[in-house]
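Shown next, in structure tokens, is the structure this report addresses.
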Amino acid sequence: MVKVDVKGCEPFVEQAKFESYVNKALEAFDTLDAENGAGNDFLGWKHLPSEISESIINDIESIRNLWNRKGVDLVIAIGIGGSYLGAKCVIEALSHNFARQLKHKDAPEVVFAGNNLSEEYLAELMDLAVERNVACIVISKSGTTTEPAVAFRIFKQYIESRYGKKEAAERIVAITDASRGALKTLSNQEGYKSFIVPDNVGGRFSVLTPVGLLPIAVAGFDIRELVDGAKKAERALAAREKSNPAIQYAAMRNLLHTELGKSVEILVNYSPKLTYVSEWWKQLYGESEGKDSKGIFPASVNNTADLHSMGQFIQEGSRIMFETVLHVDSARRSVVIESDEQNLDQLNYLSGKHVEHCNHMAEIGTRLAHIDGGVPQITISIDTLDAKRLGSLLYFFEFACGISAYTLGVNPFNQPGVEAYKKNMFALLEKPGYEEATEAIKARL
Ligand code: PA5
């Protein structure tokens, strides 16, 4: 299971103060448990791991098998925000670092679109698509988000013109809301296989629905293991105890923010495979807590690379941050540093040592240096980076996020601020219905 260690905050925090925040977090836990807090119509994610049906998993696996039989080798997963980052983070975390370059491939490559409006990105993705055997997953809970809608229009037309409408219907899967939205209407009309995002699960909490599970399964990973790990976390984190890792994490980050004025949390990893776990986490915490002029700004670094760039700031710059280190106990591959007769690089003192040992020493050394530099440290550990542990970690972050946001006093499950840019963009694009806003915004330019 996921472990949380707050010892790296002890030099900065009085134990009695921490106890008082643990009690606040326990109250927030009760609110989440009783389902009587703000946004309580969006708590479907809490029991997703234990309640996901065998028939959904089977349906997902049958799409994967169908596409494998067709020889599909490129799946374009279209979506943004919560309809993108969960699948992206799991696929990146579980993939071989050089999967794209390796000759042998035992599953289709999953690439993402609809998470930006870059024309070059779409044109270059089309360059790839024409060389490959293509299928597409379009994911939008609302079915009306502009970025995925634009990308889907382009790839729908491409797939239909290349394979014909009948075959296209076997190569396009839609994941959307049960009843509302353009994407639902379209998939009914075109006969696409579709999956439902439950009404009571918000985008950023949807990785354990088909939103995350279909692209992950298609990419060749074991979604049963992922869900199993999440189920384990669901059971363990249900305990109303001070030592509950979600309580410890939520309590300490709120204390550091409220009492010590730390306004930035940096999620730190020591494996490139975790880069997108940080991106997913940033959305989860940023969108859930950043409202009502409150919240901790979630940032991330990828070490040891970023120790040679951001390390200077974290060690000696403005003291606005604390760090949460994602620690992985053991690597799944082994590389040992050999002795060298000439020893010109003077590395023989490391002969016989695993590279991961050096990585761990860099991690411990950095943690201590940053404590000395005034940056409190929380550590979150998993045993190794596999599907099961990752499932536990993702569920842990979701559950802790609910507790943390309630401790902070905000509704974790809405995102009213996301609308402001959309209104301006629609006005600038002269969308019908936005005539007044168009006039007003043009006057500002
Ligand atoms: O967490 C959220 O709710 C958002 O990030 C959404 O996932 C994102 O805006 C995409 O929305 P939709 O799936 O409706 O296209």
Within region 330-385, can you find the residues that are among the charged types (D, E, K, R) and either touching a Cys at 6+ places or on another chain (Cβ under 8 Å) or buried (at least 17 other Cβ atoms within 10 Å of the Cβ) (or both)?
Glu356, Glu363, Arg367
Can you name every residue in region 81-97 that is of a type in the set (D, E, K, R) and farther than 15 Å from Ile137 by Cα?
Glu92
What residue, of Ala151, Ala178, Ala169, Ala182, is out of contact with any His (no Cβ under 6 Å at 6 or more places or on another chain) and surrounded by 18 or more Cβ atoms within 10 Å (Cβ to Cβ)?
Ala151
Taking region 28-62 and the residues there that are open to solvent by less than 60 Å² (accessible area, probe 1.4 Å) and not in a helix (DSSP H, G or I), the one that is farthest from Leu125 (Cα to Cα) would be Gly37
Taking into account only those residues within region 376-403 that are of a type in the set (S, T, N, Q) and touching a residue at least 60 places away in the same chain (Cβ under 8 Å), which is nearest to Gln315 (Cα to Cα)?
Gln377
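Matching residues to (1) touching a strand residue (DSSP E or B) at 6+ places or on another chain (Cβ under 6 Å); (2) assigned by TED's automatic domain parsing to the domain that holds Pro272; (3) of a type in the set (Ser, Thr, Tyr); (4) more than 16 Å from the ligand (Cβ to nearest atom):
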residue	(1), (2), (3), (4)
Asn58	no, no, no, yes
Val75	yes, no, no, yes
Ser95	no, no, yes, yes
Ala123	no, no, no, yes
Thr144	no, no, yes, no
Of the conditions (1) touching a His at 6+ places or on another chain (Cβ under 7 Å); (2) within 16 Å of the ligand (Cβ to nearest atom), the single one that Glu289 does not satisfy is (1)
Give me the pairs, please: first residue somewhere in region 116-140 and modelled with pLDDT under 95, second residue anywhere and loosely packed, with under 14 Cβ neighbours inside 10 Å and in a helix (DSSP H, G or I), beta-carbon distance under 8 Å, and either six or more positions apart or on two chains.
none
Let me confirm something: among Leu117, Leu102, Leu122, which residue is under 21 Å from the mean Cα position of the chain (by Cα) and on the phi < 0 side of the Ramachandran plot?
Leu117
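Here is a yes/no grid of residues against (1) of a type in the set (Ser, Thr, Tyr); (2) under 14 Å from Leu274 (Cβ atoms); (3) at pLDDT 95 or above:
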| residue | (1), (2), (3) |
| --- | --- |
| Asp383 | no, no, yes |
| Ala387 | no, no, yes |
| Leu394 | no, yes, yes |
| Phe399 | no, no, yes |
| Gly402 | no, no, yes |
| Ala405 | no, no, yes |
| Phe413 | no, no, yes |
| Pro416 | no, no, no |
(1) outside any helix (DSSP H, G or I); (2) in contact with a Ser or Thr (Cβ under 7 Å, 6 or more places away or on another chain); (3) touching a residue at least 60 places away in the same chain (Cβ under 8 Å) all hold for Tyr406 apart from (1)
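Give the residues of region 340-360 that are part of a helix (DSSP H, G or I) and not polar (S, T, N, Q), sorted by residue number.
Correct list: Tyr349, Leu350, Val355, Glu356, His357, Cys358, His360.
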When region 157-182 is examined, which residues are found to be within 14 Å of Ala77 (Cβ to Cβ), free of Cβ contacts under 8 Å to residues at least 60 places away in the same chain and either more than 16 Å from the ligand (Cβ to nearest atom) or in a helix (DSSP H, G or I) (or both)?
Ile159, Ile172
Going residue by residue through region 104-114, is there one that turns out to be farther than 21 Å from Gly203 by Cα, open to solvent by less than 20 Å² (accessible area, probe 1.4 Å) and not hydrophobic (A, V, I, L, M, F, W, C)?
yes
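Could you check region 63-83 and list, in sequence order, the residues that are of a type outside the set (D, E, K, R) and open to solvent by 30 Å² or more (accessible area, probe 1.4 Å)?
Asn65, Leu66, Asn68, Gly71, Ile80
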Residues of region 183-201 being within 14 Å of the ligand (Cβ to nearest atom), part of a loop (DSSP other than H, G, I, E, B) and either at pLDDT 95 or above or closer than 16 Å to Ile137 by Cβ (or both), which ones?
Val197, Asn200, Val201
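Evaluate the following for Ser263: is it open to solvent by 10 Å² or more (accessible area, probe 1.4 Å), on the phi < 0 side of the Ramachandran plot and of a type in the set (Gly, Ala, Ser)? Let's see the steps before the verdict.
On the way: open to solvent by 10 Å² or more (accessible area, probe 1.4 Å): yes; on the phi < 0 side of the Ramachandran plot: yes; of a type in the set (Gly, Ala, Ser): yes.
Criteria met by Ser263.
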Could you tell me which residue of region 271-323 is farthest from the chain's Cα centre (by Cα), considering only residues that are part of a helix (DSSP H, G or I) and small (Gly, Ala, Ser)?
Gly311
So which pairs qualify, if the first residue must be in region 296-324 and surrounded by fewer than 19 Cβ atoms within 10 Å (Cβ to Cβ), the second must be assigned to a strand (DSSP E or B) and among the small types (Gly, Ala, Ser), the Cβ gap must be under 9 Å, and the two must be at least 6 apart or on different chains?
Asp306/Ser300; Met310/Ala299
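The values are calculated or read from the model by the stated rules, or taken from the named source; none is laboratory data. A quick note: this is a predicted structure, and the numbers were derived from the prediction, not measured. Note that each Cβ is placed from the backbone with ideal geometry, even for glycine, and that neighbours are counted across all protein chains shown. Protein only, heavy atoms only, side chains kept; ligands, DNA and RNA dropped before computing areas. Shrake-Rupley method; radii C 1.70, N 1.55, O 1.52, S 1.80 Å.
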